[in-house]
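**Student:** Input: one structure, supplied below.
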Amino acid sequence: MKALFKIFPRDIVRKLIVKNVKDSAFREYLKHKIPSRKDQLNKLEFIALDFETTGLDVNKDQILSIGYTVIKSKRIVLAESDYQVIRQQENLQSDNVAIHKITDSEASQGLELKQCFDQLLLKMSGKVLLAHHADIELGFLNAACKQFYGHQLPVRVVDTMALEKKRLQRRHAGIKPNQLRLFNIRKAYGLPRYNAHNALEDAIATAEVFLVMINRHCGEKKCSLQEFL
């Protein structure tokens, strides 16, 4: 699958694998065109996504919660936001609970990960994925999609952390420790600080940062997706 991404554009990969996927939320996702690099931002829809996890290793760590919001016409649509806690089979570690505040009681009453991913993929259809330090979300997305549907996810991704890093490098500005953390970028952009480690709040916080980035980079001119990849 990774080899296909290196050889073909994502939308071609989508067309190649949709024929081999049985009816599922993944197949419905694959029926929608993946946005092109040349598409104008104001015509695209984005889904700002955040996972809270037990760690960063996709091979052994678990997704604890999923939060997302949607951007349409360069506006956040809070009515299309969602937050779900994922059901866990084992008790959570106390050091993790201190960070994400999800209790064993909440986790035991959460939804099954497969059910959440079915809903998530339907919402992601036709949209650009937006995340802060997107490698984390993309890693867990691909691991779950491989487990549930047999394939990794062909998706177009914008990473606000990578964008800020490039902006600082263009200015030949040194990058201080933690400067690329979401709350520090929000502070630098004059945005209020939200509670960290809540998947929905982090997703909304990322969406707001991205809209500020668009405004600063584009102003009144029309920009393409390519400029933010």
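The values are calculated or read from the model by the stated rules, or taken from the named source; none is laboratory data. Here the structure is a predicted model, which is why all the values come from computation and not from measurement. Ideal geometry is used to build each Cβ from the backbone, glycine not excepted, and the neighbour counts take in all protein chains shown.
**Student:** Out of the residues in region 180-226 that are of a type in the set (D, E, K, R), in contact (Cβ under 8 Å) with a residue 60 or more places away in the chain and assigned to a helix (DSSP H, G or I), which is farthest from ILE34 (Cα to Cα)?
**Tutor:** Of everything passing the filter in region 180-226, GLU201 is farthest from ILE34 (Cα to Cα).
**Student:** Now for a different question. Just checking, which of ASP104, ASP159 is among the charged types (D, E, K, R), without any contact (Cβ under 8 Å) to a residue 40 or more places away in the chain and buried (at least 20 other Cβ atoms within 10 Å of the Cβ)? Even if it seems obvious, please write down each step before you answer.
**Tutor:** Working: ASP104 fails: buried (at least 20 other Cβ atoms within 10 Å of the Cβ).
Just a single option satisfies the conditions, and that option is ASP159.
**Student:** Any idea which of LEU111, LEU120 is out of contact with any Phe, Trp or Tyr (no Cβ under 6 Å at 6 or more places or on another chain), under 23 Å from ASP82 (Cβ atoms) and surrounded by fewer than 17 Cβ atoms within 10 Å (Cβ to Cβ)? It would help to see each step written out before you state the result.
**Tutor:** Numbers: LEU120 fails: surrounded by fewer than 17 Cβ atoms within 10 Å (Cβ to Cβ).
After ruling out the rest, the residue left standing is LEU111.
**Student:** Sticking with this structure for a sec: Which strands (runs of 3 or more DSSP E) does region 23-141 wholly contain that include 1 or more residues that are of a type in the set (Asp, Glu)?
**Tutor:** Answer list for region 23-141: 45-53, 75-85.
**Student:** Let me ask something else about it. Going through HIS197, HIS151 one at a time, which residue ends up being modelled with pLDDT under 95 and in contact with a Cys (Cβ under 7 Å, 6 or more places away or on another chain)?
**Tutor:** Of the residues listed, the single one that is modelled with pLDDT under 95 and in contact with a Cys (Cβ under 7 Å, 6 or more places away or on another chain) is HIS151.
**Student:** Based on this model, can you work out whether LEU49 counts as modelled with pLDDT of 95 or more, of a type outside the set (Lys, Arg), over 16 Å from the mean Cα position of the chain (by Cα) and buried (at least 18 other Cβ atoms within 10 Å of the Cβ)?
**Tutor:** no
**Student:** Can I ask one more? Given (1) closer than 18 Å to TYR68 by Cβ; (2) of a type in the set (A, V, I, L, M, F, W, C); (3) surrounded by fewer than 18 Cβ atoms within 10 Å (Cβ to Cβ), where does LEU229 come up short, assuming only one miss?
**Tutor:** The number of the failed condition is (1).
**Student:** Do you know which residues across region 163-179 are surrounded by fewer than 14 Cβ atoms within 10 Å (Cβ to Cβ) and in contact (Cβ under 8 Å) with a residue 40 or more places away in the chain?
**Tutor:** We begin by selecting, within region 163-179, every residue surrounded by fewer than 14 Cβ atoms within 10 Å (Cβ to Cβ); these are 166, 169-178.
None - no residue of region 163-179 is surrounded by fewer than 14 Cβ atoms within 10 Å (Cβ to Cβ) and in contact (Cβ under 8 Å) with a residue 40 or more places away in the chain, so the list stays empty.
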